[in-house]
Amino acid sequence: MHILIQWLLNTIGGMGYPGIFLLMAMESSVIPVPSELVMPPAGYLAFQGQMNFAAVILCGALGSLVGAYANYYASHYLGRPLIIKYGKYVLIPPDKFERVESFFLRHGEISTFIGRLLPVVRHLISIPAGLSGMNHLRFSLYTLLGAGMWCTILTGIGYVIGENQQLIMQYAHQALVWVVIFSIALISIYVWWHRRRSSIKA
């Protein structure tokens, strides 16, 4: 692990901001590059004065957006026609797909934002967004908000802790727990608000 972190430090230090952008684009698509191994080393380089803290976060968030769009377009232009044509053979008939699509069109913002904060989900959340044809402006905005928050947390950990990988992973896991708690609270508030608005309209 120490060798890997040293390699990432050398790679990010050598490639600079484009390296962060590229690695986070890979992390956000289907290539398994953990953000926990990318952003903290960049935060440590920011602490050393070799990088700018805000620029690191910006490159990480923009890279995440590009990677997310790779999944978005792949699912929209490749997955959607396949599901419509062959979905009934894999238990996704047209009526079920329409319900899923309708749900994501109504709740895509909160789903995209929270999805960017959670492991595994952040790699997959762009797929239903692409299948449903979610509005590009909203998809970009909420992807950047979620990715920007996660990149800020990880960059801050690297900035404060340095290159101690054991402590970085420990604090990253603790941060993830708080992010999950925050996500549950946000979903609860969103569901309450949505039901309250629906009851008022009724």
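The values are calculated or read from the model by the stated rules, or taken from the named source; none is laboratory data. It should be emphasised that the depicted structure is a prediction, and the values quoted were computed from it without experimental measurement. Cβ coordinates were reconstructed from backbone atoms using ideal geometry, including for glycine residues, and neighbour counts include every protein chain displayed.
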Which of the residues spanning the stretch 156-202 are small (Gly, Ala, Ser) and either in contact with a Pro (Cβ under 8 Å, 6 or more places away or on another chain) or modelled with pLDDT under 75 (or both)? 158, 162, 172, 198, 199, 202
Being at pLDDT below 85, farther than 28 Å from residue 195 by Cα and of a type in the set (Lys, Arg): is that true of residue 96 here? no
Could you look through the stretch 33-70, keep only residues that are in contact (Cβ under 8 Å) with a residue 24 or more places away in the chain and in a loop (DSSP other than H, G, I, E, B), and pick out the one that is farthest from the chain's Cα centre (by Cα)? 50
Residues 91, 22, 65: which one is out of contact with any helix residue (DSSP H, G or I) (no Cβ under 6 Å at 6 or more places or on another chain) and at pLDDT 80 or above? 22
Applying the selection to the stretch 129-149, what residues are farther than 16 Å from residue 66 by Cα and in a helix (DSSP H, G or I)? 131, 132, 149
